[in-house]
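Notes to accompany the following structure.
Readers should treat all values here as calculations from the given coordinates under stated rules, not as data from a laboratory. Being a predicted model, the structure only gives us computed values, none of them experimental. With ideal geometry, Cβ positions are generated from the backbone for all residues, glycine too; neighbour counts draw on all protein chains shown.
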Ligand code: RIB
Ligand code: CA
């Protein structure tokens, strides 16, 4: 079954693979891409996204979103993310996990005039003719702002799929994951909005649905521009994970964002999915933490959370899509 989606990104190395997978796989009807500040400032995430859409020859519309989080930027002391996402090579050169795509040609792609939150509020003002879901793989600022414009849109969104959070895993501070930590007020607003179905793909899943160096060899053998770009992104990510965020497999990386797309293509990519209640902490050392209620008797469950993922199915889905690129 084809799934019509709008993809919200802070392009970044894994966002780029999510955009390519969504644009290339025929089971996904990609209606639009919206950009937000997160891994990089808004201008950079937007330019990076333009270049990736050119790489896969996609002509879908691109909307710029919010330049800043709802309330504040995290104080430097709060963020260990930069440090945990940067490696130094033999020449002493620093490599951040989300550098700009200077290796790709500049893009003269047009950007829509409507700001992303206004686009959301107009697109979902009435129930769309074709059921449409939203996939957020960056901070939730755009969607939270759209909810401020029109809270009623939640009833017209088929499913909200979010990459973010972590129950037993974190990567921004000791207890939070980057997307939710970057704009916790937006995350809390979205969690409490009453979506018909909200699926969360946290680090507990993406740290298991890994991509390995052997998988990168498969990308190289496919040899299309998309496959080779994905290989480049994963190579750098493997370095960062090996040196700064070790996983349970050596020579492997998490490739968080495209797991959300792979799930929409084949929902069995997600395993150990639990229906629970989540909120987002807005204070103290847990600022930005996804707080999960595991008690059996709670009746205010609002999120389907994946605690594991099938990494072989995930990689196979990406390989099949990359073969369609030219
Ligand atoms: O914590 C992982 C998330 O933060 C991913 O979406 C990655 O792109 C960064 O935005
Ligand atoms: Ca992202």
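With Cα atoms as the point set, segment 1-64 shows a radius of gyration and Dmax of 10.8, 36 Å. Divide the volume of the convex hull around the Cα atoms of segment 188-247 by the residue count and you get 134 Å³ per residue.
Across segment 122-204, the mean sequence separation of Cα contacts (distance under 8 Å, 6 or more residues apart), normalised by length, yields a relative contact order of 37 percent. Taking all Cα pairs closer than 8 Å and separated by 6 or more residues, the relative contact order of the chain comes to 20 percent. Rounded to the nearest 500, the 222 nm mean residue ellipticity of the chain from helices alone is -10000 deg cm²/dmol, with -39,500 (n - 2.57) taken per DSSP H run of at least 4 residues. Each of the peptides 249-259, 120-130 was scored by the mean count of other Cβ atoms within 10 Å over its residues; in descending order, highest first, they stand as 249-259, 120-130. Sorting the segments 54-63, 5-14 by their mean number of nearby beta carbons within 10 angstrom, highest to lowest, gives 5-14, 54-63.
Of the peptides 26-34, 315-323, 99-107, 160-168, the ranking by mean beta-carbon count within 10 Å, highest at the top, reads 160-168, 315-323, 26-34, 99-107.
Convex hull volume of the Cα atoms of segment 85-241, normalised per residue: 167 Å³. Secondary structure note: in the chain, about 40% of the DSSP beta bridges are antiparallel. Structural size metrics of the chain, computed from C-alpha coordinates, are Rg and Dmax of 18.1, 56 Å. Rounded to the nearest 5, the antiparallel percentage of DSSP beta bridges internal to segment 3-146 is 15%.
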